[in-house]
Amino acid sequence: MQRVDAQEILDSGGCSARDAQGALAVLGRINRLFGGVTTTQRMVERVARTTGAKHFSVLEVAAGLGEVPERVSAEVARNGITLDVTLLDRTRSHLPNRDQVANRNRANGNSVPRNAGVVADALALPFGDGAFDLVSCSLFAHHLNTCALAEFLREGLRVSRRALLINDVIRDPVHLALVYASFPIMRSRVAWLDGLTSVRRAYVPAEIRAVLASAFSSELQVELSCHYLYRMGIIVWKGKERGGC
């Protein structure tokens with residue numbers, strides 16, 4: 001199954017704020033039920049075990065409503081790990097509004113997200129070198145062609161102190177068939193159509209490794225793992241904090 005790169009509705013200027021919020025809510029449920037949250041959780045726990053640290057500042061890129069880092073924060077807290085999360089998205093309507101932030105802060109005892117987030121381009125992050133312990137993204141890498149993905153990898157690693165975490169879907173014919181079959185239970189046509197596009201434009205592990213090799217002149221320590229329902233997690237270690245495979 002060859003990769004087919006095409007724009008998703010959420011990335012277009014023709015998606016209303018209401019449709020965007022509805023689609024993002026569906027993505028939140030998908031992440032909770034089908035491996036999205038656990039993939040990032042396991043990467044964070046892996047970094048904690050390797051470094052011995054228990055507190056991390058995290059920049060969540062292309063964060064949308066921020067449900068993945070919110071859920072991950074609640075899960076890892078059970079193991080004494082705390083996350084201080086900053087949400088970033090290039091579109092303000094994708095980020096949680098003030099009422100959503102206030103409701104989550106009350107429900108979670110001031111856990112993430114603490115603010116409405118930062119509006120910025122993932123390929124030109126408005127932060128200094130090593131501004132965050134971790135830079136993380138979920139369901140974002142497949143939105144980028146190989147050149148843009150290489151640029152994001154360099155930018156994400158620049159802003160991180162310990163590691164860059166990538167959580168994304170894997171392109172596979174069976175995965176595509178499952179998304180087709182999900183139409184009756186989808187509450188958002190936008191989310192369903194974008195889901196089909198996402199699988200078609202997703203990368204496979206070997207392609208991600210090839211992009212990483214092309215993006216950096218020196219060899220990096222990379223851990224790539226596959227998870228439930230066609231998810232992969234990639235940890236790109238930085239400097240002396242690199243872990244073992």
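On the basis of the beta-carbon distance and an R0 of 30 Å, M1 and V119 show a calculated FRET efficiency of 0.30.
Loop sites only, by DSSP: take the trypsin sites (Lys or Arg not before Pro) in the chain that have at most 13 other C-beta atoms within 10 Å and name the longest stretch containing none of them.
On the way: sites that count: K54, R187.
Segment 55-186 is the longest.
Ranked by Cβ crowding within 10 angstrom, fewest neighbours first, how are M232, M1, M43 ordered? Let's see the in-between values first.
Values: M232 21, M1 13, M43 24.
In order of increasing Cβ crowding within 10 Å: M1, M232, M43.
Using a/c under 1.5 as the rounded threshold, could you call region 161-230 rounded, prolate or oblate? The axes a ≥ b ≥ c are square roots of the C-alpha gyration tensor eigenvalues, and prolate needs a/b larger than b/c, oblate otherwise. Intermediate values should be presented prior to the final figure.
On the way: a/c = 2.73, a/b = 2.47, b/c = 1.11.
Prolate is the answer for region 161-230, as a/c is 1.5 or above and a/b outweighs b/c.
The amide H of Y203, built 1.01 Å from its N in the peptide plane, has R171 as neighbours under 5 Å, considering only residues 5 or more places off or on other chains.
Look at C147, C15 and count the other Cβ atoms within 10 Å of each Cβ; fewest to most, that gives C147, C15. Among the GluC sites (Glu not before Pro) in region 154-245, those placed in a DSSP loop whose Cβ has at most 14 other Cβ atoms within 10 Å are E219. The Cα trace of region 1-73 gives Rg and Dmax of 15.4, 46 Å, the first to one decimal, the second as a whole number. Using the Karplus relation 6.51 cos²θ - 1.76 cosθ + 1.60 with θ = phi - 60°, the per-residue 3J(HN,Hα) values for region 181-191 come to 5, 7, 3, x, 9, 6, 9, 9, 5, 4, 5 Hz, with x marking Gly and Pro.
Extension gain for the segment A17 to E219, taken as residue separation times 0.36 nm less the Cα-Cα distance, is 68.5 nm to one decimal. The dipole here belongs to the chain: it is taken about the Cα centre, uses +1 on the Cβ of Lys and Arg and -1 on the Cβ of Asp and Glu, and is about 520 debye.
The orientation-averaged projection of the convex hull spanning the C-alpha atoms of the chain amounts to 12.4 square nanometres.
No lab work stands behind these numbers, since they all come straight from the coordinates. This one's a predicted model, so the numbers in the text were calculated from it and none came from an experiment. Please note: Cβ atoms are built from the backbone with ideal geometry, for glycine as well, and neighbour counts cover all protein chains shown.
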